[in-house]
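A quick write-up on the structure given underneath.
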Amino acid sequence: YGSFGATFNVMCGDECIPVVTRLLGKHNVLNITAGVAVAKRLGIANNAIEYAVSRLTPTAHRLELKNFINGSLLIDDAYNANPEGSLEAVNVLSSFEGKKKVLVTPGLVELGEKEYEYNYNLGLAAAEKCDIIILVGKQRSVPLHNAAKDAKFDDSCLHVVSEFKEAMALLQTIADKDTVVLFENDLPDNYLK
């Protein structure tokens with residue numbers, strides 16, 4: 001992964017087709033691989049396949065890669081609100097080599113009796129793979145905060161703010177050209193209490 005998106009090689013028999021895409025995440029790589037296999041079976045030329053893959057665009061706010069403040073990159077996953085997708089988003093963030101990795105999240109909601117567990121697991125993944133964690137909503141983020149503490153995440157890199165605008169102000173001081181920021185889920189203010 002890089003500022004361009006994802007690059008990888010698709011092997012079709014003895015042929016190697018290098019592809020570049022704005023789509024991020026293992027699920028998108030698998031879908032592209034399947035699409036390339038079908039295209040090859042239909043006799044489509046490699047350069048046409050490479051072009052088609054390069055033209056794919058993500059759905060808005062779903063692992064959408066954007067330029068961000070102070071020359072940083074943003075992975076906008078604000079519309080994602082499921083446990084598996086959130087963990088994959090953290091994995092994508094962790095794949096940006098040589099970059100400072102920052103997670104901004106209020107956690108997940110409306111998961112019934114599993115809500116604490118899923119948020120705790122997200123917090124553990126973040127503590128393992130992120131350099132800085134910004135939690136939005138002091139009460140809302142308790143499971144994530146507890147997980148980071150239990151994982152012995154550096155307190156100086158763990159921030160809890162009341163509102164998203166506070167997170168943005170903090171990012172102004174943190175983000176630079178060597179930073180990738182992940183916005184994971186976006187909740188209305190009534191959830192952030």
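The values are calculated or read from the model by the stated rules, or taken from the named source; none is laboratory data. As the structure is a computational prediction, the values presented were derived from the model and not from experiment. Positions of Cβ are generated from backbone atoms using ideal geometry, with glycine treated the same way; all protein chains shown enter the neighbour counts. All accessible areas refer to the heavy atoms of the entire protein, side chains included, with ligands and DNA or RNA removed. Shrake-Rupley method; radii C 1.70, N 1.55, O 1.52, S 1.80 Å.
If Gly85 meets every condition in (1) closer than 27 Å to Met168 by Cβ; (2) in a helix (DSSP H, G or I); (3) touching a residue at least 24 places away in the same chain (Cβ under 8 Å) apart from one, which number is that one?
Failed condition: (3).
Can you pull out every residue in region 7-37 that is open to solvent by less than 60 Å² (accessible area, probe 1.4 Å), in contact with a helix residue (DSSP H, G or I) (Cβ under 7 Å, 6 or more places away or on another chain) and outside any loop (DSSP other than H, G, I, E, B)?
Phe8, Val10, Cys12, Ile17, Val19, Thr21, Ile32, Val36
Show the residue pairs that are 6+ apart or on different chains and have beta-carbon atoms under 9 Å apart, the first residue being within region 38-57 and at negative phi and surrounded by 10 or more Cβ atoms within 10 Å (Cβ to Cβ), the second being among the basic types (Lys, Arg) and assigned to a helix (DSSP H, G or I).
Asn46/Lys40; Ile49/Lys40
Tell me, yes or no, whether region 143-151 has at least one residue that is in a strand (DSSP E or B), at pLDDT 95 or above and not acidic (Asp, Glu).
no
Just checking, how many residues over region 108-154 are acidic (Asp, Glu) and under 12 Å from Leu87 (Cβ atoms)?
Going through region 108-154 one residue at a time, the tally reaches 1.
So which of Leu135, Leu122, Leu182, Leu103 ends up being part of a strand (DSSP E or B), in contact with a Ser or Thr (Cβ under 6 Å, 6 or more places away or on another chain) and open to solvent by less than 20 Å² (accessible area, probe 1.4 Å)?
Among Leu135, Leu122, Leu182, Leu103, only Leu135 is part of a strand (DSSP E or B), in contact with a Ser or Thr (Cβ under 6 Å, 6 or more places away or on another chain) and open to solvent by less than 20 Å² (accessible area, probe 1.4 Å).
Can you say whether Asn146 is closer than 18 Å to His61 by Cβ, surrounded by fewer than 22 Cβ atoms within 10 Å (Cβ to Cβ) and not hydroxyl-bearing (Ser, Thr, Tyr), as far as the supplied structure shows?
no
One line per residue, one yes/no per condition, for (1) within 20 Å of Glu88 (Cα to Cα); (2) without any contact (Cβ under 8 Å) to a residue 24 or more places away in the chain:
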| residue | (1), (2) |
| --- | --- |
| Ser156 | no, yes |
| His159 | no, no |
| Lys177 | no, no |
| Leu182 | yes, no |
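Would you check which residues across region 63-83 are at pLDDT 95 or above, open to solvent by 50 Å² or more (accessible area, probe 1.4 Å) and under 12 Å from the mean Cα position of the chain (by Cα) and list them?
Lys66
Inside region 46-76, can you point out the residues that are in a helix (DSSP H, G or I) and of a type outside the set (A, V, I, L, M, F, W, C)?
Listed by number, the residues that qualify are Asn46, Asn47, Glu50, Tyr51, Ser54, Asn70, Gly71.
Kindly check whether there is at least one residue in region 163-185 that is within 19 Å of Asn67 (Cβ to Cβ) and in contact with a Cys (Cβ under 9 Å, 6 or more places away or on another chain).
The answer is yes; a qualifying residue exists.
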